[in-house]
Amino acid sequence: MKDLSKWITYAGVFVLPFLVLIVADSLFFPYITGKGFFFRIVVEIITAAWIVYALYESRVRPKVSYIAWGFIALVVIMFFADLFGQYAPKSFWSNFERMDGYVTLVHLFLYFVVVSSVLTTEKLWYRFLTISVGVASTLALYSFAQLSGEIEINQGGWRLDGTLGNAAYMAVYQLFHIAFALLLFFRTHTKWLRYLYGGLAVVFTFLLVQTATRGTILGLAGGILLAVLYALVREQKYRKVAGGILLGWVILVAGFIVFKDASVIQENQYLSRVANITLDEGSVRFALWDIALEGVKDRPLLGWGQENFNYVFNTYYTAEIYNAEQWYDRVHNIVFDWLIAGGILGALAYFSLLFFTLYYLFRQRDMFTLPEQSILFGLLGAYMFHNLFVFDNTVSYFLYISVIALVHSRVGKPVWQEISVSREVTGRVIAPALLIVTALVVYSVNVPPMKAGAALIDSFSASSSEKHRAIFTEALSYETFGNQEIREQMIQVFPSIYQSQSISAEEKRAFALFIDEEIKNQVMEKPSDARVHALAAPFYRITRVPDQALQHLAIAIELSPEKQQFYIDAGLAYLQKDNLAEALAVAKHAYELESKNKTARLYYGLMLILSGDREGYREISEGYEEVFDEHTFIKDALATQGW
């Protein structure tokens, strides 16, 4: 039993770096959910195996350090933050799109405990890093195939995203592996291996640049500076090498700044994206931070709970950011994201992990070589800068926790070494009990949502309304954290069914009644989510029930009074009721909230045409003739009025 539990534990730990390669096409959000479920299942299995192994072998029992205590504090604080937050179910379970929430935090903590307990030697840790760099090399081959056009870039653009489905996710993955390759470079004394790891660090840097993720590229530049400056200050014997690197860094950065307008940079879509950074481009991010600050003021101590920024965003949304995404669920800033999720207490606990990791790196110098200290210092600085503009995902969480676990494994003090449990009790009682518990946990946590996600994918190829309804019914029957996303997909597919000439009126009615019932269920679950009401309104307009649409829009407007789209939709609902006066009033209000919004201007113009206000229409369309001329509904309205 000891050997089996040991084998399972180490096999699971060393297989986890492969999670980046997983793309589960059979699941909803295949680039996210496949990795998330894989990580959770493997962690659940290795945790159980490790417990058995640790009962046999005291040297792999947990260690304590300030890092571990900080992590425990984070898990405890976030439990209460999520429990008493705005909407606890999503805080605990997240959704398909993010695969985050408290359940992921707990799995990250379990992974931290296991990996820092069983990777007890420098040799084991560098074997882990070697595997991770090997996986990154495999991803590099895939990435070059994307760059050559042989494999499509998943986002449909030019920014490299590999098997992560998002350029920013790909960027931070490369950032970590630049550091991992350099750690291996300085550890080995074999010449050809040094060439290999040095070359891979260059390749990973190139691939990072191909993602055109500006925050990460700047983070890398800053991380290099931090690492080199630390080496310069720390030891005399490295000063010549560090000084040479610093000089090269200064020349490169200065040259880039001086010649940023040169054609060689401006004609390169990757470099020009970095060269042309302006504060104006960050206006949406800055607006999000302002919104988040208001949310922090409302709930300063424990925040709103994980996955609940959307409530803050809706409440404090201002019409000035009309041209941004309308349903942000992240602040895109690690400081504010944790302040929103866990308040001041949660944020302090989270950042204590970074603080104590750096504390040990600098204070326990005898446990780390100078290259390790410098590289990890630079990596952590670059990672945090990257996260000032984006947010974490399963892969970046995994890599970050791996780094702090590496530090903890060296500085932590063993605990529970003296506890003794007989082999007979372990083998005959504890191990079988853990097997049963693990099987139940793996199934209940992962299998139902995986089935729901698979069913949702099947709905995309359904050939009839009955088939759609059957698939959606099956997906909802699993009662998972994906129910809202399933219901949203139902609403989005309905217009094509409603407009189909091959589907009978009876079938359309049955499907509409089914969606109506599920909208009511979703409203009961999340009555204060403006998104739920806003997405329901178009459905009721399509089914010619404008009063229902207006009821939902009234709630949505109360929850987010400056979202112009809500007023536009209300105007269309009033038109269905032949109430032109109210349609004009809400369209005017939408327009006045932010006149730069061309959509709001168009719909206000439509209402003015229908109201016969030629002068009013002339005023708002003046200077926007091309915009108005592009839209059929404007042309039709003008023709109807004979203008």
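Here are a few things to note about the model shown:
- Each part reduced to its alpha carbon centroid, the range 270-287 and the range 323-368 end up 23 Å apart.
- Electrostatic tally near Ser595: other residues with Cβ closer than 14 Å to its Cβ, Lys and Arg +1, Asp and Glu -1, net -2.
- Val76/Thr138 FRET efficiency (R0 41 Å; Cβ-Cβ; nearest 0.05): 0.60
- In Hz, Karplus ³J(HN,Hα) per residue of the range 54-69 (6.51, -1.76, 1.60; θ = phi - 60°; x = Gly, Pro): 5, 5, 7, 10, 5, 5, 9, 7, x, 10, 10, 7, 4, 4, 4, 5
- Relative contact order of the range 63-414: 29 percent, from C-alpha pairs under 8 Å at least 6 residues apart in sequence.
- A full extension of the chain between Ala581 and Val241 corresponds to an added length of 114.8 nm, given 0.36 nm per residue minus the alpha carbon distance.
- Extending 7 Å from the Cα toward the beta-carbon at both Phe206 and Lys297 defines two label points whose distance is 5.1 nm.
- Cα-projected label distance for Thr318 with Ser463, points at 7 Å along beta-carbon direction, nm: 5.4
- Estimated from the Cβ-Cβ distance and a Förster radius of 30 angstrom, the FRET efficiency linking Ser263 and Glu150 is about 0.55.
- Anisotropy class of the range 63-147 from Cα gyration tensor, a/c 1.5 cut: oblate
- Taking the range 551-619 and dividing mean pair separation by its residue count, relative contact order in percent (alpha carbons under 8 Å, at least six apart): 25
- For the range 1-125: rounded, prolate or oblate by the Cα gyration tensor [a/c cutoff 1.5]: oblate
- Label-to-label distance, Ala433 versus Lys451, with points set 7 angstrom from Cα along the beta-carbon direction: 2.9 nm.
- Shown in residue order for the range 225-237 are the 3J(HN,Hα) couplings computed by the Karplus curve 6.51 cos²θ - 1.76 cosθ + 1.60 at θ = phi - 60°: 4, 4, 4, 5, 4, 5, 5, 4, 6, 6, 9, 5, 5 Hz (x for Gly and Pro).
- Whole-angstrom gap from the range 490-542 to the range 161-218, using each part's C-alpha centre: 46
- Overall, the range 463-517 carries a charge dipole of about 180 debye about its Cα centre when +1 sits on the Cβ of Lys and Arg and -1 on the Cβ of Asp and Glu, all other atoms neutral.
- Percentage, to the nearest whole number, of Cα pairs in the chain over 40 Å apart: 38
- Assigned charges on the beta-carbon of Lys, Arg, Asp, Glu; the range 63-414 dipole about Cα centre (debye): 1700
- Farthest towards the positive end of the charge dipole of the chain, among the residues Val627, Ile131, Asn308, is the Cα of Ile131, using unit charges on the Cβ of Lys, Arg, Asp and Glu.
- Gain on full stretching of the segment that runs from Glu615 to Phe256 - 0.36 nm per residue minus C-alpha separation: 123.9 nm
- The chain, relative contact order [Cα under 8 Å, separation at least 6], %: 16
- Projecting the Cα atoms of Ala475, Tyr498, Ser465 onto the charge dipole of the range 462-509 (Cβ charges, centred on the Cα centre) puts Tyr498 farthest toward the positive pole.
- For Val64, the residues whose amide H sits under 5 Å from its own are Lys413, Val415, ignoring neighbours fewer than 5 places away on the same chain, with H placed 1.01 Å from N.
- Projecting the Cα atoms of Ala179, Tyr142, Ala287 onto the charge dipole of the chain (Cβ charges, centred on the Cα centre) puts Ala179 farthest toward the positive pole.
- Prolate/oblate/rounded label for the range 63-414 (Cα gyration tensor, a/c 1.5): oblate
- Over the range 526-643: Rg over Rh, Cα atoms, Kirkwood Rh: 0.99
- Lysine pair count for the range 526-643 (Cα-Cα distance under 17 Å; residues 8 or more apart in sequence or on different chains): 6.
- Electrostatic dipole magnitude of the chain [Cβ: Lys, Arg +1; Asp, Glu -1; Cα centre; debye, to 20]: 3300
- Using the Karplus relation 6.51 cos²θ - 1.76 cosθ + 1.60 with θ = phi - 60°, the per-residue 3J(HN,Hα) values for the range 84-89 come to 9, x, 5, 8, 4, x Hz, with x marking Gly and Pro.
- Extension reserve of the Val421-Val284 stretch, reckoned as 0.36 nm per residue once the Cα distance is removed: 43.6 nm
- A Förster distance of 25 Å, applied to the separation of the beta-carbon atoms of Met524 and Val545, puts the FRET efficiency at 0.85.
Quick note: the coordinates plus some simple rules give every number you see, no bench work behind them. Please read these numbers as outputs of a predicted model, since none were measured by experiment. With ideal geometry, Cβ positions are generated from the backbone for all residues, glycine too; neighbour counts draw on all protein chains shown.
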